Structures are given as C-alpha cells and as structure tokens.
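Visitor: What follows is a single structure, and I will ask about it in a moment.
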Ligand code: ADP
C-alpha cells in the first residue's frame, strides 16, 4: 500500500517535471527566438527605412531646381502665353523622362497647373485646379510639401514632392509651386521578395506602401467620419474604400515591438510568405515624413522551434525520469540482494554454529560410544576369559570324575609291574633269563600302556585356545573312548559306531571337541549306571556342509525337568560330588563357538539322544 502510494506520487512528480521542462523550454526558446526576431527586425527596419529615404531623397531636390529655370519663372510670373507654356511643357517632359519620375508640373499661386510633363496626353494636368491638394498648400505655406496620394486624373498612387517657386523678391514674389510625382512601385516590388511583410503607413494610419498588394490602402486604426470627409475633400486616396487591415495587438515588448495577430485569408493573398497569423511587429517613424515603417516577422518558425524544443526537453526529462527510475530500481534490487545475502549469511552462520554444536555432541557421543565399546570389549574379554576358565574348570571336573577310573586303570599295571619286576628278579637269580626277559618285555608293555593313559589325560587336560582347525571325527571319538576305556570296560558298555565310509573332518578346536564328546558319552554312561546291558550308539552322517553326530544311550531318558533346563548352568540331577551341572552348558557354548549346535531329546524307543552338529571341513574317502 505504502509502495503503491509512493510510486503514484513519484509518477505524478515525474509527469509534473516533464510538463514543467517542456513548458520552460517552450518559454525560453520562444523568448530567445523573439529576441532574435527582434534583432533581425531592427536590422530590417534600418535597411528598409534607409532604402525608402534614399528613394525619396533622390528626388527631393528636383522641384526646387525648377526655380532656377527662368522660363518657368517667367511662365508663372507673366500672363500665360502659348509659346512660353509650350517651351516649359517640353522642358518638363524631357526632365521627367530623364529623371524617371511619374510626372513633373508647375502650378501657379492659385493652384492652377500651367505646365506639365504630360501636356501631350489627353488626361494632362494642364489647366487643372489643384489648389485643394495638401502638397500645394504645404508648399505655398512652408516652402515644401510632401504628400502620398492617388492621382486625381489617372488614379495612380505616387509620392508628391512640392517646392515653392519664388521670384527674387522673396515671399512677396511667390510665383507658384513645382511638383514632382514619384512612383514607389519599384521599391515596393523589391520588398515583395523579402522573407516577411513590410508596410508603410502614413500619418492617418493608412497603408500606403506594402509588399503585400492586398494590404495597400487598408487602415491600421479606425477612421472617424470627420477624417473620411477630409479625405474626400483632398481626394488623397481618390475615394477608395479604406478597409481595416485586421491587425490586432496581443502584447507589447520593448523597443517599439508588439506581438500582433493579423486576421486574413491566406488563399486570397498571393505572397511567398504567410500574411495572416501571429507576427512580431516593429515600427519606426520615418525621417522627413510623418510616415511609419513597420516590419512584420513571422512567429510561426519561432513557435514551431519552441514546440520542438519543448518536446525535446520533455523527452529528455522523461528519459531522465526513466533513468532515475531504472537507477532507483537497480539500487532497490541491489539492496534486496544485499539483504538476502545477509539473511543467507546469517542462516549459514547459524547452520555452521549448529553443525559445530552437533559435531561436538557427536564427537562426545562418539567418545562415549568408543568408551562403551572398549568397556564392552574389556567385558567380553573378561567374559571370554571367564568362559575359558569355566571350560577349563569343566574339563578339570571331568578329569576329576575320570581320575577314579584312571587311578584304577593305573593301579592294575602298577601292581602287575610290581609282581613282574619281583618275578623277573627271581627268574634272574634262578638263571632263567628267558622268562626274566619275557617279564621285562611285559613290564615295558605295561609302562607303555601307562604312558599312553597319562599321555591321553595330559593331552585332554591341556588348556586349548579355542581356535578351529580340521579335526577327524573318528580320531576324536577314538581318543574319547580311550579316555573312558576303564569306565566302559568296568560297566561292560557296548559302543556301536555307525557312519559313512568316508571320514568326516569337522572344523573345531580338537581338544574342546573331545571335551564335549567326553561329557556326552560320560552322561550316557552315568544314565545307564547299573543297567545289565548298557549300550551306546554313535551315528553320524554328512549333509549340507555339516556333520550330524547322534549319541544315543539306552538309559531312562531325560526327565521333563531336565528337558526344560538341560543347558542351564548348574542344573543337575546328580548327587553332590557326582556332577556340577556345568557339562552341557559348557558343551553347548563350545559347539556354538565353533558354528554348530547341540540338542538333547528322548528317543521314541527309549533312552536319551543328543545331536551334535558341526560345520564340515571336508569329507575324505
Ligand atoms: P552333570 O552331569 O554334572 O549333572 P550335565 O550338564 O552334564 O551336568 O547334565 C545335566 C543333567 O542332565 C544331568 O544331571 C541329568 O539329569 C541330565 N542328563 C544328561 N545326560 C543325560 C542322559 N544321557 N540321560 C539322562 N539324563 C541326562
């Protein structure tokens, strides 16, 4: 709303500026043009006045010179004789022809024409009474007479120059008046070629000379009836109807300059320049006459120049306004852009600040996470170490369980060793070296067997690292059965092994696999304790990259409680000292670490069956 009002005010201001510029330019150019016209007009005034005065002055002396002619004086003085008049007539005729004037004539003191240059023509002035003519009266009264008028005889306009002719006695001897009528037509014609109209008005305001033919004998000012009557009497304008020129003054400038309007019909006036419209009129009073010379300068050119300059100024102002508007628009645009950039920079700074804060948060969170991870790793390591310890503890527990059987196993050969070594001594004393040698060989065998047993135990008891490697399943089963050999034999347990011909090689830690198998076979033996025909079936096959080993016993099977808590640590149904309840939990952990699984279930035909699945390294034929 504010911007719309502002742009409206600006538009109005621009429009006012454009208008004012145009108007000022119009006024300035017009004033300048008028001043120029005025200067030119003054120059023309000088020029035309000089030419007119020169033209008139050329003949000014002529009437006076006739007083030097004795014949003329005689004619005026004496009674009019035919011969004298004729001689003067001829003289005047010649003089007129030579001077190039319209006519020359001599009037006596009563106003009657005594001799004239046109004496031969039918309409000759000779004998005419011209006492009513003002030039005659003036000349008679003051010595000279000047008069512009229209001839009474032929109606030709002309300028009359009259001079009083006197005898040698001065005023007393006034004889008459000599008159020369001059035509100003040539001068007029030369004016018609100028670029603007010029006119001469006499003391009555009647245009007597004009470059425009239609203006001649028109009135510059109104004429009252008294003056009209006087004109009729003097026949100055030969009874012409004096119409007003139609010039009206609009404004007055200095140095006798006026702004006038001439109302007229251009079509009627035959001229090279317009004779109606607005003009600058400049007038000057002529010397020696009571005439006024007026030059008119057309304002049309000044007007059109002022108009074109005004239009130019208006266009220039409009261009300036437009330029100012463009510059203002550009500045506004620039300001907006700067503001936008500032906002953007602010947003960017804020964003950067946020990112920095977030990064700091993230790095703090990262540190925290790293700490947590290290903590977890440490905990895991601790857990793993604990697991390792647990596995070892479980193994030691198994070894503890085995120790009774192993001790028993070792006791037998030890007793045999004692007997054999004692017997060997006795046989040597008797000299029965062969029997003694046979005894010693038996001793060596027994020592080997004992060594094997302890070796197996040592190998089982060593702490393994849990890393997987290819292990022959058959070999592992052999080792386990060897470790449990004493128990198996004591309980007369039958072990059946069923498997494919090709040897299964699994990926596992060999020592820990044996620990699992010892546990499972040991549990089976525990379950079948006291049974008359204990039997363990070991079945395995290879499928889908894994070995599936089933260890089935023919004991009572798993109770419901055992089924639901089978792999929980410290779950045992055995007497204190017989079991810790860690065997299956540890075994399941070992199998899981190797990428396999362990499950326990009851066989439909009785007894428990444990299924051990381990990833297959490869199968050998
Ligand atoms: P422990 O042998 O020390 O009790 P285990 O984790 O090896 O610990 O066994 C947990 C329990 O699972 C045993 O106490 C027993 O009740 C049951 N169990 C394991 N194997 C068998 C099996 N073959 N037949 C019946 N019960 C079994």
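Rule-based calculations on the coordinates, nothing more; no lab input. Keep in mind that what you see is a predicted model, and the values were worked out from it rather than measured. Cβ atoms come from the backbone with ideal geometry, glycine included; neighbour counts cover every protein chain shown.
Visitor: Pairing the Cα long axis of helix 433-461 with the longest principal axis of the chain, what angle in degrees results, from 0 to 90 and rounded to the nearest 10?
Guide: Long axis of 433-461 versus the principal axis of the chain: about 30 degrees.
Visitor: Given a cut-off of under 8 Å on Cα pairs at least six residues apart, what relative contact order in percent is computed for the stretch 375-533?
Guide: Answer for the stretch 375-533 is 25 percent.
Visitor: With contacts defined as alpha carbon pairs under 8 Å and 6 or more residues apart, what's the relative contact order of the chain in percent? Let's see the in-between values first.
Guide: Details: 923 pairs, mean separation 55.4, N = 621.
Result for the chain is 9 percent.
Visitor: Let me understand the stretch 23-124 better: what is its radius of gyration from the alpha carbons, and its Dmax, in angstrom?
Guide: Taking only Cα atoms of the stretch 23-124, I get Rg and Dmax of 23.9, 79 Å.
Visitor: Right, next: For the stretch 187-238, what does the alpha-carbon gyration tensor say about shape, rounded, prolate or oblate, given a ≥ b ≥ c as the root eigenvalues, a/c under 1.5 as rounded, and a/b over b/c as prolate?
Guide: On the way: a/c = 3.53, a/b = 2.34, b/c = 1.51.
Prolate.
Visitor: Round to the nearest 10 and give me the degree value, 0 to 90, for the angle of helix 82-99's Cα axis relative to the longest principal axis of the chain.
Guide: 20 degrees
Visitor: Over all directions, average the projected area of the Cα convex hull of the stretch 450-491 and note it in nm². Write out the running numbers ahead of the final one.
Guide: Working: hull surface 14.6 nm².
Projected over every direction and averaged, the Cα hull of the stretch 450-491 covers 3.7 nm².
Visitor: In a Debye calculation with equal point scatterers on the alpha-carbon sites of the stretch 80-146 and no solvent, what is log10 I(q)/I(0) at q = 0.12, 0.19, 0.22, 0.28 Å⁻¹?
Guide: The calculated log intensity ratios at q = 0.12, 0.19, 0.22, 0.28 Å⁻¹ are -0.30, -0.75, -0.95, -1.21.
Visitor: Place the peptides 312-321, 384-393, 139-148 in order of packing, highest mean first, counting for every residue the other Cβ atoms within 10 Å and averaging per peptide. Can you show the working numbers first?
Guide: Details: 312-321: 16.1, 384-393: 14.5, 139-148: 18.1.
Descending mean neighbour count gives 139-148, 312-321, 384-393.
Visitor: Just want the ordering: 135, 253, 348, from fewest to most Cβ atoms lying within 10 Å of their own Cβ.
Guide: 348, 253, 135
Visitor: In what order do 419, 493 fall by count of nearby beta-carbon atoms within 10 Å, going from fewest to most? List each step's numbers first, then the result.
Guide: Values: 419 13, 493 21.
Going from sparsest to densest Cβ surroundings: 419, 493.
Visitor: Using only Cα atoms, figure out Rg for the stretch 322-448 and give it as a multiple of 2.2 N^0.38 Å.
Guide: On the way: Rg = 46.1 Å, N = 127, 2.2 N^0.38 = 13.9 Å.
Cα-based Rg divided by the globular estimate yields 3.33.
Visitor: Here's something else I'd like to know. Take the Cα radius of gyration of the stretch 183-328 and divide it by 2.2 N^0.38 Å, with N its residue count; two decimals is plenty. Before the final figure, lay out the partial values.
Guide: Details: Rg = 20.9 Å, N = 146, 2.2 N^0.38 = 14.6 Å.
Normalised by 2.2 N^0.38 Å, the Cα Rg of the stretch 183-328 equals 1.43.
Visitor: Taking the inverse of the average 1/r across all pairs of different Cα atoms in the chain, what Kirkwood radius in Å do you get? Can you show the working numbers first?
Guide: Working: mean 1/r = 0.0250 Å⁻¹.
That comes to 40.0 Å for the chain.
Visitor: Relative contact order for the stretch 320-468 using alpha-carbon pairs under 8 Å, separation at least 6, rounded to a whole percent?
Guide: About 18 percent, as a whole number.
Visitor: Over the Cα atoms of the stretch 353-409, compute the convex hull volume and normalise it per residue, giving Å³. Could the numbers behind the result be given before it?
Guide: On the way: hull volume 2.2 nm³, N = 57.
Spread over its residues, the Cα hull of the stretch 353-409 gives 38 Å³ apiece.
Visitor: If you line up the long axis of helix 583-593 against the longest principal axis of the chain, both from Cα atoms, how many degrees apart are they, to the nearest 10?
Guide: 40 degrees
Visitor: Considering the stretch 112-243, what Rg and Dmax in Å follow from its alpha-carbon atoms?
Guide: Rg, Dmax (Cα atoms, Å): 16.4, 53.
Visitor: Run a plain Debye calculation on the stretch 496-591 (Cα atoms as equal point scatterers, no solvent) and give log10 I(q)/I(0) at q = 0.10, 0.18, 0.21 Å⁻¹, rounded to two decimals, same order as the q list.
Guide: With no solvent term, the Cα-only Debye profile gives -0.31, -0.97, -1.23.
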